[in-house]
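Visitor: Take this structure, written in C-alpha coordinates, and hold onto it; I'll ask about it next.
The values are calculated or read from the model by the stated rules, or taken from the named source; none is laboratory data. Here the structure is a predicted model, which is why all the values come from computation and not from measurement. Positions of Cβ are backbone-derived with ideal geometry, glycine not excepted, and every protein chain shown enters the neighbour counts.
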Amino acid sequence: MNLLKNKRKNLTKKNQRIKIDFSNCDRCGTCVSVCGADVITLAAQLHIDNKKCVLCQKCVTVCPFGALAAVEEEFI
Ligand code: SF4
Ligand code: SF4
(Lines give C-alpha, C1' and ligand atoms only; values in the text may rest on other atoms or scores of the structure.)
(Ligands and ions follow the chains in the order given, each with its own letter.)
Protein backbone atom coordinates (compact mmCIF):
# COMPACT_ATOMS: atom_id res chain seq x y z
CA MET A 1 0.00 0.00 0.00
CA ASN A 2 2.88 2.34 0.75
CA LEU A 3 4.20 1.69 -2.74
CA LEU A 4 0.90 2.84 -4.22
CA LYS A 5 0.75 5.91 -2.01
CA ASN A 6 4.23 6.89 -3.14
CA LYS A 7 2.92 7.24 -6.68
CA ARG A 8 0.64 10.06 -5.61
CA LYS A 9 2.02 13.56 -6.01
CA ASN A 10 0.75 17.04 -5.46
CA LEU A 11 -0.41 17.95 -8.94
CA THR A 12 -0.49 21.68 -9.40
CA LYS A 13 1.14 22.29 -12.79
CA LYS A 14 -0.63 22.12 -16.11
CA ASN A 15 2.09 19.83 -17.47
CA GLN A 16 1.24 16.97 -15.11
CA ARG A 17 -0.97 13.99 -15.87
CA ILE A 18 -1.72 10.36 -15.06
CA LYS A 19 0.51 7.85 -16.86
CA ILE A 20 -0.51 4.26 -17.57
CA ASP A 21 2.07 1.48 -17.28
CA PHE A 22 0.51 -0.97 -19.72
CA SER A 23 2.90 -3.75 -18.72
CA ASN A 24 1.35 -3.75 -15.22
CA CYS A 25 -2.29 -3.06 -16.16
CA ASP A 26 -4.43 -6.17 -15.68
CA ARG A 27 -7.48 -4.51 -17.28
CA CYS A 28 -9.49 -5.09 -14.11
CA GLY A 29 -11.55 -1.91 -14.60
CA THR A 30 -11.25 -0.74 -10.99
CA CYS A 31 -9.92 2.67 -12.01
CA VAL A 32 -12.76 3.11 -14.49
CA SER A 33 -15.36 2.64 -11.77
CA VAL A 34 -13.83 5.17 -9.34
CA CYS A 35 -13.15 8.00 -11.78
CA GLY A 36 -15.67 10.70 -10.93
CA ALA A 37 -14.81 12.64 -14.06
CA ASP A 38 -15.62 9.58 -16.20
CA VAL A 39 -12.53 10.01 -18.35
CA ILE A 40 -11.11 6.46 -18.22
CA THR A 41 -12.23 3.96 -20.83
CA LEU A 42 -11.34 0.31 -21.25
CA ALA A 43 -11.59 -0.82 -24.87
CA ALA A 44 -8.69 -2.36 -26.80
CA GLN A 45 -6.54 -0.92 -24.03
CA LEU A 46 -6.98 1.44 -21.12
CA HIS A 47 -7.23 5.12 -22.07
CA ILE A 48 -7.34 8.31 -20.02
CA ASP A 49 -8.62 11.53 -21.56
CA ASN A 50 -6.03 13.79 -19.97
CA LYS A 51 -7.68 16.95 -21.30
CA LYS A 52 -10.68 16.26 -19.05
CA CYS A 53 -8.87 14.55 -16.15
CA VAL A 54 -9.10 16.63 -12.94
CA LEU A 55 -5.99 15.01 -11.41
CA CYS A 56 -7.78 13.78 -8.28
CA GLN A 57 -5.56 10.65 -8.34
CA LYS A 58 -8.29 8.29 -7.09
CA CYS A 59 -7.32 5.95 -9.92
CA VAL A 60 -3.70 5.94 -8.78
CA THR A 61 -4.76 5.02 -5.25
CA VAL A 62 -7.15 2.19 -6.14
CA CYS A 63 -5.18 0.40 -8.86
CA PRO A 64 -4.26 -2.95 -7.29
CA PHE A 65 -1.34 -3.40 -9.68
CA GLY A 66 0.34 -0.01 -9.36
CA ALA A 67 -0.13 0.63 -13.05
CA LEU A 68 -1.03 4.31 -12.73
CA ALA A 69 1.19 7.14 -11.58
CA ALA A 70 1.17 10.92 -11.50
CA VAL A 71 4.00 12.19 -13.68
CA GLU A 72 5.25 15.41 -15.17
CA GLU A 73 4.99 15.71 -18.93
CA GLU A 74 8.73 15.96 -19.53
CA PHE A 75 9.26 12.57 -17.84
CA ILE A 76 6.76 10.67 -20.02
S1 SF4 B 1 -7.13 -0.37 -11.92
FE2 SF4 B 1 -5.02 -0.63 -12.65
S3 SF4 B 1 -4.91 -2.73 -13.46
FE4 SF4 B 1 -7.09 -2.19 -13.27
S5 SF4 B 1 -7.66 -1.37 -15.33
FE6 SF4 B 1 -7.03 0.37 -14.04
S7 SF4 B 1 -4.83 0.67 -14.48
FE8 SF4 B 1 -5.39 -1.38 -15.19
S1 SF4 C 1 -6.88 11.39 -11.70
FE2 SF4 C 1 -9.08 11.39 -11.12
S3 SF4 C 1 -10.10 12.36 -12.87
FE4 SF4 C 1 -8.07 11.75 -13.59
S5 SF4 C 1 -8.34 9.74 -14.51
FE6 SF4 C 1 -7.75 9.42 -12.34
S7 SF4 C 1 -9.68 9.24 -11.19
FE8 SF4 C 1 -10.16 10.14 -13.22
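Visitor: Cβ contacts < 8 Å: first residue surrounded by 15 or more Cβ atoms within 10 Å (Cβ to Cβ), restricted to the range 15-36; second residue polar (S, T, N, Q) and modelled with pLDDT of 95 or more, any location; separation 6+ or different chain. Result?
Guide: Ile18/Gln57; Val32/Thr41
Visitor: Let me ask something else. Counting only residues that are exposed (fewer than 13 other Cβ atoms within 10 Å of the Cβ) and more than 13 Å from ligand 1 (Cβ to nearest atom), how many does the range 61-74 have?
Guide: Result for the range 61-74: 2.
Visitor: Another question, then. What residue, among those in the range 39-48 that are more than 8 Å from ligand 2 (Cβ to nearest atom) and in a loop (DSSP other than H, G, I, E, B), is nearest to Ser23 (Cα to Cα)?
Guide: Gln45
Visitor: Here is a further query. Across the range 50-76, what is the number of residues that are modelled with pLDDT of 95 or more, assigned to a loop (DSSP other than H, G, I, E, B) and more than 8 Å from ligand 2 (Cβ to nearest atom)?
Guide: The number of residues fulfilling the criteria is 5.
Visitor: Residues Leu4, Leu11: which one is out of contact with any strand residue (DSSP E or B) (no Cβ under 6 Å at 6 or more places or on another chain) and modelled with pLDDT under 95?
Guide: Testing whether each residue is out of contact with any strand residue (DSSP E or B) (no Cβ under 6 Å at 6 or more places or on another chain) and modelled with pLDDT under 95 leaves just Leu4.
Visitor: Scanning the range 15-60 for residues that are under 18 Å from Glu73 (Cβ atoms) and acidic (Asp, Glu), which turns out farthest from ligand 1 (Cβ to nearest atom)?
Guide: The residue in question is Asp49.
Visitor: Something else now. Return the residues of the range 34-49 that are touching a Lys or Arg at 6+ places or on another chain (Cβ under 9 Å) and at pLDDT below 95; say none if nothing qualifies.
Guide: The answer is Gln45, and nothing else.
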